[in-house]
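First up is the structure itself, then whatever we jot down about it.
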Amino acid sequence: MLTSKYKIGLLLILLLLGVIALSYNKQYKLQLDSHANTKPNEVDQLVGQKRPDFSLPDRLGIPYNISEWDGKVIILNFWATWCRPCRKEMPMFYQFQQDYQEKGLQFIGIAIDDKAAVDVFFKQTGINVNYPILIGDDEAIPIAKNYGNEFGVLPYSVIIDRQGLIQYLHYGEINREQIEEKIAALL
């Protein structure tokens, strides 16, 4: 049986955890809002530029280089297992990959997580993907920065045309209409 002293302590801990969670969500929302309509000059300059090169392993440990998908319209999606909006996008990405694969669209997920966390995530959630998931862990952070994500916002998506030129950068959750609008002329 808990004494009143322990009950008060437990309530204070729960209150503190609630404040931390609200603060994190507020900070994340502020990051998204502050970058929704404006982008730093360096990011603006990436549009129309050649995509940076990188290599990362997939979930089986097989290394892939971004150049393996040259000639396709690529949507790079930086995500993490703990990111709720990231998880929300995945079924839509699955459908897009299925619908537009034959026209040359290629989704590539880059997990800013370690392999164990990604494996547990897919096992526990039952989410299916039909596109490569590359495991970046901490290595993915500088890659995301090279692709314009200076602020570490997740999810973060980049659309690259068939010539390997960056065409669109998107902070936060992306929706179907935004993707369709951006890829229509590229496919």
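The values are calculated or read from the model by the stated rules, or taken from the named source; none is laboratory data. Owing to the predicted nature of the structure, the values given are computational and were not obtained by experimental measurement. Neighbour counts are summed over all protein chains in view; Cβ atoms, including those assigned to glycine, are modelled from backbone coordinates with ideal geometry.
Within the group 117, 80, 144, which residue is in contact with a Ser or Thr (Cβ under 7 Å, 6 or more places away or on another chain) and either under 23 Å from residue 55 (Cα atoms) or in contact (Cβ under 8 Å) with a residue 40 or more places away in the chain (or both)? Just a single option satisfies the conditions, and that option is 117. In the condition set (1) touching a residue at least 24 places away in the same chain (Cβ under 8 Å); (2) crowded, with 19+ Cβ neighbours inside 10 Å; (3) within 16 Å of residue 75 (Cβ to Cβ), residue 170 is compliant with all but (1).
Whenever a residue of the stretch 46-69 is more than 17 Å from residue 130 (Cα to Cα) and not assigned by TED's automatic domain parsing to the domain that holds residue 141, it has no partner that is surrounded by 15 or more Cβ atoms within 10 Å (Cβ to Cβ) and modelled with pLDDT under 95 lying with C-beta atoms less than 8 angstrom away and at least six residues away or across chains.
Residues in the stretch 155-187 that are of a type in the set (Lys, Arg) and either in a loop (DSSP other than H, G, I, E, B) or within 13 Å of the chain's Cα centre (by Cα) (or both): 162 alone.
Here residue 73 meets each of (1) more than 15 Å from residue 51 (Cβ to Cβ); (2) surrounded by 14 or more Cβ atoms within 10 Å (Cβ to Cβ); (3) among the aliphatic types (A, V, I, L, M) with one exception, condition (1).
Residue 39 falls short on exactly one of the conditions (1) at pLDDT below 95; (2) surrounded by 12 or more Cβ atoms within 10 Å (Cβ to Cβ); (3) in a helix (DSSP H, G or I), and that condition is (3).
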